[in-house]
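The values are calculated or read from the model by the stated rules, or taken from the named source; none is laboratory data. As the structure is a computational prediction, the values presented were derived from the model and not from experiment. Don't worry about glycine lacking a Cβ; one is built from the backbone with ideal geometry, like all the others, and counts go over all protein chains shown.
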């Protein structure tokens, strides 16, 4: 009986490893501080101009992050010269203070929706630029060094 179960388990493990991820990349902040003038930039070449894709912004934070949300500015530049710029807000914790995201210990990873069902219209180099837009309540000036964000990344997946 064990001989019959083993091939089934192997197939299940291999099937669970299948992913729709086309590209994933991270860049570390400066010792867990993200300066408001530090625009994190990613360049990628998307060759599939027919299929739909989902784009995510990935953020890793530790327990020193002091806020329940995160404001970002994301700019997607196309090889055709077109630019899409968005101001985004994401929840980072539940109302009781429990962190959202995955991970064990003090580091959490958040996979945040950015664009859904995107068809990349042209071959060439695309650029995604991400910066934070956090401010303290009542303050006009942005937070210069946002503490607790350890890594900023992005991920492109094939849309189902």
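For region 21-35, the condition of being on the phi < 0 side of the Ramachandran plot, in a loop (DSSP other than H, G, I, E, B) and surrounded by fewer than 17 Cβ atoms within 10 Å (Cβ to Cβ) holds for none of the residues.
Can you name every residue in region 46-98 that is outside any strand (DSSP E or B) and without any contact (Cβ under 8 Å) to a residue 40 or more places away in the chain? Hits for region 46-98 are 68, 81, 82, 92, 94, 95, 96, 97, 98. Within region 107-114, does at least one residue satisfy the condition of being touching a residue at least 40 places away in the same chain (Cβ under 8 Å) and more than 25 Å from residue 159 (Cβ to Cβ)? Looking through region 107-114, at least one residue is touching a residue at least 40 places away in the same chain (Cβ under 8 Å) and more than 25 Å from residue 159 (Cβ to Cβ).
Scanning region 83-98 for residues that are at pLDDT below 95 and either touching a helix residue (DSSP H, G or I) at 6+ places or on another chain (Cβ under 7 Å) or loosely packed, with under 15 Cβ neighbours inside 10 Å (or both) turns up 94, 95, 96, 97, 98. Only one entry in 105, 124, 101 is closer than 23 Å to residue 42 by Cα and surrounded by fewer than 16 Cβ atoms within 10 Å (Cβ to Cβ), namely 124.
What are the residues in region 42-51 that are loosely packed, with under 14 Cβ neighbours inside 10 Å and at pLDDT 95 or above, if any? Steps first, please.
Our first condition is that a residue be loosely packed, with under 14 Cβ neighbours inside 10 Å; within region 42-51, this holds for 43, 45, 47-51.
Answer for region 42-51, where residues must be loosely packed, with under 14 Cβ neighbours inside 10 Å and at pLDDT 95 or above: just 43.
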